[in-house]
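Note sheet for the following structure.
The values are calculated or read from the model by the stated rules, or taken from the named source; none is laboratory data. Quantities reported herein were computed from a predicted structural model and do not represent experimental measurements. Cβ placement follows ideal geometry from the backbone for every residue including glycine, while neighbour counts extend to all protein chains displayed. Accessible surface areas use protein heavy atoms only, side chains included; no ligands, DNA or RNA. Shrake-Rupley method; radii C 1.70, N 1.55, O 1.52, S 1.80 Å.
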Amino acid sequence: MKRHRRSSRRRRGIGLPAAVTLCIAASLLLFSRMGGESTAQQALTRLAGNGDFILRAVSLELGLSPNQAAVFVPRTAASARSEDADSPLAESTYIPQTEENDNPVLDAADKAATITINNETSYAVDVAACLASDAAIHVSGDGPQVLIVHTHGSESYTPDAAFPYTPTENERTTDTRYNVVRVGDELQSILQDNGIETVHIRDIFDSPAYSGSYDRSLAAIEQALDDYPSIQIVIDLHRDSILTDDGQAYKTSCTIDGEEMAQLMFVVGTDDGGLTHPNWQDNLNYITGLQYQLNRAYPGLMRPVNLRTQRFNQHVRTGSMLVEVGSSGNTMPEALAAIRLFGQTLADDLNNV
């Protein structure tokens, strides 16, 4: 009942404006039919630009008093992103790219525009400050420089003709010919071909029990660092899983130089979850710089950086990273193609090419 009474008051408040508006409209229509079409058109144009007239017309339509109605004038529509365009607009703000990959050196603010960080922590992150920190890591001295490990080594991909196998649930297998350990083999090969000695731990830490896999991989990482103190980079190589509610697997995909391949993603841990991790900001600074190099060399290869509350064993060494290579919907050839590009960029960066 209260709503009905308020509605009645609103309509009584616009009676006069409504009557005037209707009289004006009727007069212009009659005048136009009597031969004054040009003059009537000019009058309509002036009315269309009269904010008070528009306000009262909207009030009539909505049943509101003039001081309660809001008129929104649409802005000029921006150019739409066309999936069929020859050069579709990138989702990110700015991705420098030329056919020769000889982009000029950008300052930190410009570089930051090429990088997106999906921040799931309570910390504020300044990408430009991360890039300005100059946290690059280069080959130094003798001995292994990179350690590759797989906390979830049984993660595998969608079977195809080149890599046929029978997976367990959610695309998993302990057969290292078909799981993410095979991707680690490829990365090790690329790095060593570029003169970077690399240790690859091929153990499966998530089978037969998934629980405790990070504890088991941590013990292996710490032992490797004791055995090879020259190691500067620790890479925990994973395969992501993106599933619909009914269990259908998605794949991450990009096309570079005409070849379809998986996308990659850095996952950076912090101490936001309560575990000790004093060097997480140093890791983020380094990863941000590496992400910029990858974005510059291979636009579309990298998904946004994922900053998390967990630490993912990255407290053991500055330069630790977790890399998701595609998803369960990708095939092994797509994952291998992507890791080759990643490996070459990492090797160039470590060799300061």
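In nm, to one decimal, how far is the modelled label at ALA128 from the one at ARG340, with both set 7 Å along Cα→Cβ?
Label-label distance for ALA128 and ARG340, simple model: 3.9 nm.
Can you give me the orientation-averaged projected area of the convex hull built on the Cα atoms of region 184-253, in nm²?
6.8 nm²
Could you pull out which residues in region 221-265 have an amide N less than 17 Å from a spot 7 Å beyond the Cα of ALA136, following the Cα-Cβ vector?
233
Give me the distance in nm between label points sitting 7 Å out from Cα along the Cα-to-Cβ direction at TYR250 and ALA219, one decimal.
My value for the distance between the label points is 3.7 nm.
Under a point-charge model restricted to the Cβ atoms of Lys and Arg (+1) and Asp and Glu (-1), what is the dipole moment magnitude of region 112-248 relative to its Cα centre, in debye to the nearest 20?
With Lys and Arg at +1 and Asp and Glu at -1, about 140 debye.
State the percentage of accessible surface on region 108-183 attributable to carbon and sulfur atoms; use a 1.4 Å probe and exclude ligands, DNA and RNA.
Carbon and sulfur together cover 46 percent of it.
On a C-alpha basis, how far is the centre of region 202-220 from the centre of region 294-353 in Å? Whole number, if you could?
Region 202-220 and region 294-353 have Cα centres spaced 21 Å from each other.
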